[in-house]
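**Student:** The structure under discussion is supplied below as structure tokens; questions concerning it will follow.
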Amino acid sequence: MRQRLGLNGRRKSRITRDHPAFPRWPAESSARTPWTRGAGCATFCVVTSFGIATGFATMNVLVILGHQHAGSFCHAIAAAVVETLQAAGHHVVFHDLYAEGFDPVLPHEQIPKDALLPPSIQQHCEEVRRADGYVIVHPNWWAMPPAMLKGWVDRVLRQGVAYDFGPEGVIGYLKGKTALVFTTSNTPREEELARFGDPLENLWKTCIFGFCGIERFCRRNFEPIILSTYEQRIQWLAEVRQLVAQWFPATGQARSA
């Protein structure tokens, strides 16, 4: 289900908690019900009041989920993110890459900056350009995102969209924007740091978003998921909402540094 962003100051259709398209994952991982989707597309836009109605402009926020199981805690995180952004009055575009059947394979002929892209990839690129901020949610697989999400990075955060090269070096086209990343893992934090350091922090903060010009960055990892209790997951989802509200505050509030 997809709706156009309302940028004319009028209140357009709004996805609320009782809307059939709104996520309804409880914090318990054993039973969740995904929202109703239009055929072949898991994308929707949450359209809320803008400008004239609130007195302040909203933000366009792109939320990307990379987890294969609809009952995962990553899905619960994504639901909390969308709900919090909606409550804050922001425009949201959400992609569940696995549910959409996103093709992560980057063909060689699509690597050049001026390559002819499939309409679906072109749409993703336009969403990246229009967004004021990004929220990424995924599990830690061998200190990396799943291949599905890595393929999204390869195909969408491409030269000419997220960055370019000039006489002085790299030009980050996402400069001035905000990125918030939520990851999950099963290894206890202390053991993971002792064995591996934190490769995902460097990947998202420096290699991807930093390379593209983003300085306002935050990442939170939740662990160990496999040993967590229902009460812990409830607390973690509350922390997700708090971080989203901090980095993407409600219209009219000052942003976090």
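**Student:** Excluding same-chain residues fewer than 8 positions from LYS113, which aspartates and glutamates have a Cα within less than 12 Å of its Cα?
**Tutor:** Straight-distance partners of LYS113: ASP164.
**Student:** Another one. Antiparallel versus total DSSP beta bridges in segment 49-247: what percent is that, nearest 5? Mind showing how you got there, number by number?
**Tutor:** Working: 5 of 31 bridges.
Around 15 percent of the beta bridges assigned by DSSP in segment 49-247 are antiparallel ones.
**Student:** Now a separate question. As a test of understanding, state the convex hull volume per residue of segment 49-247 from its alpha carbons, in Å³.
**Tutor:** On the way: hull volume 27.9 nm³, N = 199.
Convex hull of Cα atoms, per residue: 140 Å³.
**Student:** Which ³J(HN,Hα) values in Hz, rounded to whole numbers, follow from the phi angles of segment 159-169 under the Karplus curve 6.51 cos²θ - 1.76 cosθ + 1.60, where θ = phi - 60° and Gly and Pro get x?
**Tutor:** 4, x, 10, 9, 7, 7, 10, x, x, 8, x
**Student:** Give me the Kirkwood hydrodynamic radius of segment 79-192 in Å, from all C-alpha pairs, to one decimal place?
**Tutor:** Numbers: mean 1/r = 0.0625 Å⁻¹.
Every distinct Cα pair counted, the radius reaches 16.0 Å.
**Student:** In cubic angstrom, how much convex hull volume per residue do the alpha carbon atoms of segment 141-229 span?
**Tutor:** In segment 141-229, the Cα hull volume divided by residue count equals 109 Å³.
**Student:** With a sphere of radius 14 Å drawn around the Cβ of ARG195, what net charge do the other residues whose Cβ falls strictly inside it have (Lys, Arg +1; Asp, Glu -1)? Spell out each step's value before the answer.
**Tutor:** Working: positive: ARG189; negative: GLU190, GLU191, GLU192, ASP198, GLU223.
Counting the neighbours of ARG195, the net charge comes to -4.
**Student:** Which semi-axis lengths, in whole Å and largest first, follow from the square roots of five times the eigenvalues of the Cα gyration tensor of segment 195-257? Let's see the in-between values first.
**Tutor:** Working: eigenvalues 114, 92, 7 Å².
In descending order the semi-axes read 24, 21, 6 Å.
**Student:** Please list, in chain and number order, the residues 5+ apart from THR184 or on another chain whose amide H is under 5 Å from its amide H, with Hs placed from the backbone.
**Tutor:** For THR184, whose amide H was placed from the backbone, the distant partners under 5 Å are HIS138, ASN140, PHE222.
Taken together, the values in this text are just the output of simple stated rules run on the coordinates, not laboratory data. All of these numbers come straight from a predicted model, not from anything done at the bench. Please note: Cβ atoms are built from the backbone with ideal geometry, for glycine as well, and neighbour counts cover all protein chains shown.
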